[in-house]
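Trainee: Questions regarding the structure given below will be posed in turn.
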Amino acid sequence: MIFTVFKKEMRDTLRDRRTVMMMIVIPTLVFPMIMSIFMSVSDSFQKEAAEKKVKIGLVSNQVGSLEADLLKVPKALGKKEFIPFTDTISLIKAIRSDSIQIGIYVPTNAEQLKKAMKPISVTVFHDGTDLGMKERADVYLTYVQAKWQKQRYAELKINESEVTPFVMAYSNVASSKEMIGKLVGGFLPYLFIAFGFMGCMFPAIDLFTGEKERGTIETLLTTPVPRWKILFGKMGVIVISGLLAATFNLLGIYLSIEVLDLVKDPVILQAIKDILSPTFIIMLYALLIPLITFFAGIMIPIAVRAKSFKEAQSIISPLNLLIILPAMVGFFPGVELNEVTALIPVVNIVLATKELIAGTLEFHLVAMAFGVMVLLAVIAILLSYRKFENENNVIS
């Protein structure tokens, strides 16, 4: 009988356009859309930054070698135009009005300091909200500084290698898969959880509150079938709907890689393909099933109690924030799955999925996270059963 109820409710759910949109269409399209927008915006910013001509205000009371060398900085380091200023006050005003993007103040005794082989205190003015301008100034001044250092070594007859204590070389031992998992791995479980919740919401409301409004649940409850079988049949549809939303979200990631070819870097592409392995998918569903069952279990009592679709939606929708906020923990650097975070609902699933993506998952921790969510799912099911069994308003 449970399967009969499940089959009937699943058929009706798939006929509802709103549910299909939240369960299939939006989850499938959201990741390709995000990736497409991100890649186009990123490419646009890079192209704009490379082609942008930076206007640099220069305050100097003399035409010295520093100014001359700044003018000789290669165009390959970025297009630029130098504009002379007489004082720093007018220079700062010009930066604030965006007439220039960078201001450089060279002290009047710069030439004397250079001849004495003493450091020159150069001040760079910039607007911190204008991203990339400070870095552009650093590139220009570093170029001139490196040139002058070589000249000083030559004048002092010093071998540069003799005054260099050591040369640093950095070697990243983390794999591309681990880098993706640690840096952006929190984004994927966030999507899975968000769409899993939304995929449950509309079927939960429609199968209980919606049927109450339409009067069809009265006919169903008058049949000689225990209420728990009806509940389990309906809950099965809600859980499957949430899992389908997460599944089509995963499908969207696959389409972004294999069909739309949005990821260009071959190293990253291979790492993502390694992540989307059968083992990853099995482990992911093992984590998602108790979580989505928990979602269904907390939605059903609300849907049973609510007297209208609008009332149920107004109560359940804010719960999305309570789910999304802990899901955002995956974005925070330094927060990892351990014996404490494995006991925190939702957070444990996010962090476990993040570790799973990185390939650094410790199985005793994922077992703890899984056990916590299974326990909560059982409690939510019992709560739903008690509410559905005892609520007279179901058919009132």
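The values are calculated or read from the model by the stated rules, or taken from the named source; none is laboratory data. None of the values given here were measured: they were computed from a predicted structure. Glycine gets a Cβ as well: all are built from the backbone with ideal geometry, and neighbour counts include every protein chain shown. When the accessible area is computed, the model is the full protein with side chains, heavy atoms only, and any ligands, DNA or RNA have been set aside. Shrake-Rupley method; radii C 1.70, N 1.55, O 1.52, S 1.80 Å.
Trainee: Would you mind putting 239-246, 108-115 in packing order, based on average other-beta-carbon counts within 10 Å, highest first? Don't jump to the answer; show the numbers that get you there.
Mentor: Numbers: 239-246: 25.4, 108-115: 14.2.
Answer by packing, highest mean first, reads 239-246, 108-115.
Trainee: Holding the Cα-Cα limit at 22 Å, pick out from Lys53/Lys150; Lys55/Lys93; Lys118/Lys147 the pairs that are longer than that. Please report the intermediate quantities before stating the final value.
Mentor: Details: Lys53/Lys150 29 Å; Lys55/Lys93 14 Å; Lys118/Lys147 15 Å.
Pairs exceeding the cut-off: Lys53/Lys150.
Trainee: Could you let me know the centre-to-centre spacing of the range 213-245 and the range 91-167, using Cα atoms, in angstrom?
Mentor: 72
Trainee: A further question on this structure: May I ask which of Lys229/Lys307; Lys79/Lys157; Lys134/Lys354; Lys234/Lys310; Lys310/Lys354; Lys80/Lys114 have a Cα-Cα span longer than 30 Å here?
Mentor: Details: Lys229/Lys307 23 Å; Lys79/Lys157 35 Å; Lys134/Lys354 34 Å; Lys234/Lys310 20 Å; Lys310/Lys354 36 Å; Lys80/Lys114 25 Å.
With Cα atoms farther than 30 Å apart: Lys79/Lys157; Lys134/Lys354; Lys310/Lys354.
Trainee: Considering Cα pairs under 8 angstrom that are at least six residues apart, work out the relative contact order of the range 50-166 and quote it in whole percent.
Mentor: 27
Trainee: Taking a virtual spin label 7 Å from the Cα of Ile281 along the C-beta vector, which residues in the range 228-257 bring their backbone nitrogen under 18 Å of it?
Mentor: Correct set: 240-257.
Trainee: If we count every other residue with Cβ under 13 angstrom of Met283's Cβ, Lys/Arg +1 and Asp/Glu -1, where does the sum land?
Mentor: -1
Trainee: Going by a ≥ b ≥ c, the root eigenvalues of the Cα gyration tensor, does the range 82-182 fall in the rounded group (a/c under 1.5), the prolate group (a/b larger than b/c) or the oblate group?
Mentor: It is oblate, given that a/c is not under 1.5 and a/b is not larger than b/c.
Trainee: On average, how much accessible surface per residue is there in the range 314-396, in Å², for a 1.4 Å probe, leaving out ligands, DNA and RNA?
Mentor: Ligands and nucleic acids excluded, the result is 51 Å² per residue.
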